[in-house]
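A.B. asks: What follows is a structure written as structure tokens; I'll ask about it next.
FYI, it's all coordinate maths here, none of it is from the lab. Everything quoted here is computed from the prediction, not taken from an experiment. Cβ coordinates were reconstructed from backbone atoms using ideal geometry, including for glycine residues, and neighbour counts include every protein chain displayed.
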Amino acid sequence: MSILHLLLLLLSLLCTTLAVSITQHNGIKQIYPTKQNGRQWTFTQPKDPYFDPRQTIVKQSDGSYQNTEPQTRLEIHTKANDVMWRDVELTGYFKVNKKTGDKMPQLVLYARGGRHTTKGGGCDGTSIKGYYNFPGDLFFKKEVWHTGGYTARLSNKHYGQIINKWVGLKMVMYNTAPQNVKMELYVDRNATNNWVKEIEFEDHPGQVKGKEHKAECKNPITKRERAQDATIYYGGPIAAFRADDIIFQFKDLNVREICAGTCDQVQQKGCEGFPDSCHK
Ligand SMILES: *[C@@H]1O[C@H](CO)[C@@H](O)[C@H](O)[C@H]1NC(C)=O
């Protein structure tokens, strides 16, 4: 073999390695690498033991799916022996076909909590959420409990709305210190796999308060009272793609445990600390 052939072989090996490390499902670029032995979920079809769309979703001729009810919660659950969703990159492509109301048409990607119901005082309903609303603002919110524990918008940016066209959204969250949480929201504006970080925010204890306090809600790790300005630095059993007041198509949904920030091994499993959110 000539030197040239050897170089070409090495180059192609290098390219293969790079391609593996920078793309996730369907060739979509990943922002952060997958955590070692990390958990990963990719949407393939509605009958999936981890997936609960909580409504009928209908396959379209292009292979994507469309919701049938404008209030949509596409949930990815955790079973007893699975690690909960903490340091994650949520990815999806969305095409909004119509608004069904003006109350709060929006797409929301979130994790770090359980069921968002009033059961158990709403204590399982924590979350870190990335929003893309209509008329086109991007922002985050932290939810310390459901429903009164929302913060105001964090890192609000007017981006402009995209309707009747595919757009990619990625919500990323990870810990940068034991109780500090970084949030990043990326948009692939033209659905060309060209991801741009549009907003970011780093939360630390004491920085932002939820609107109301609820003393009965405990921190799922320390079991002590959850402060009104606490960070949501722990994992939760449910990651979700949410929509309100819109009929939309979606495809390429993926949730991946990533190595970013502290990149420590997450020990929380199943529904520990989230008693009302267990998934059988
Ligand atoms: C999207 O497409 C428009 C029109 O072709 C182009 O000007 C713009 O740079 C593209 N933006 C991104 C983020 O790919």
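A.B. asks: For a quick check of your reading of the filter: which GluC sites (Glu not before Pro) in the range 152-237 sit in a DSSP loop and have no more than 14 other Cβ atoms within 10 Å? Intermediate results must be reported in sequence, preceding the final value.
C.D. replies: Working: sites: Glu184, Glu198, Glu200, Glu202, Glu212, Glu216, Glu225; in loops: Glu212, Glu216.
Qualifying residues, ordered by number: Glu212, Glu216.
A.B. asks: Rank Gly206, Gly27, Gly130 by how far each Cα sits towards the positive end of the charge dipole of the chain (+1 on Lys, Arg Cβ; -1 on Asp, Glu Cβ) and give me just the farthest.
C.D. replies: So the residue furthest toward the plus end is Gly130.
A.B. asks: Whole-Hz Karplus ³J(HN,Hα) for the range 33-47, in order, using 6.51 cos²θ - 1.76 cosθ + 1.60 and θ = phi - 60°, x for Gly and Pro?
C.D. replies: In residue order, the calculated couplings are x, 5, 4, 4, 6, x, 7, 9, 9, 10, 6, 10, 7, x, 7 Hz.
A.B. asks: For the chain, what ratio Rg/Rh do Cα atoms give with a Kirkwood hydrodynamic radius?
C.D. replies: 1.00
A.B. asks: Then there's this: Between beta-carbons, use under 11 Å as the cut-off and find the net charge around Gly114, counting Lys and Arg +1, Asp and Glu -1. Before the final figure, lay out the partial values.
C.D. replies: On the way: positive: Arg112, Arg115, Lys119; negative: Glu75, Asp124, Glu272, Asp276.
For residues surrounding Gly114, the net value is -1.
A.B. asks: Based on DSSP H runs of at least 4 residues, each adding -39500 (n - 2.57), what is the mean residue ellipticity at 222 nm of the chain after dividing by all its residues, to the nearest 500 deg cm²/dmol?
C.D. replies: One gets -2500 deg cm²/dmol as the mean residue ellipticity at 222 nm.
A.B. asks: Need one word for the range 16-174: rounded, prolate or oblate. Basis is the Cα gyration tensor (sqrt eigenvalues a ≥ b ≥ c); a/c below 1.5 gives rounded, then a/b vs b/c decides.
C.D. replies: Numbers: a/c = 1.29, a/b = 1.09, b/c = 1.19.
Since a/c stays below 1.5, the shape of the range 16-174 is classed as rounded.
A.B. asks: Can I ask one more? Compute the angle between helix 3-22 and the longest alpha-carbon principal axis of the chain, please, reported from 0 to 90 degrees and rounded to the nearest 10.
C.D. replies: 20
A.B. asks: Around Gly38, with a cut-off of 9 angstrom between Cβ atoms, what is the net charge of the other residues, counting Lys and Arg +1 and Asp and Glu -1?
C.D. replies: It works out to a net charge of +1.
A.B. asks: How big is the dipole moment of the chain about its Cα centre under a simple scheme where the beta carbon of each Lys and Arg is +1, that of each Asp and Glu is -1, and everything else is neutral? Debye, nearest 20, please. Don't jump to the answer; show the numbers that get you there.
C.D. replies: Working: 38 positive and 29 negative charges, 62 e Å.
The dipole of the chain has a size of about 300 debye.
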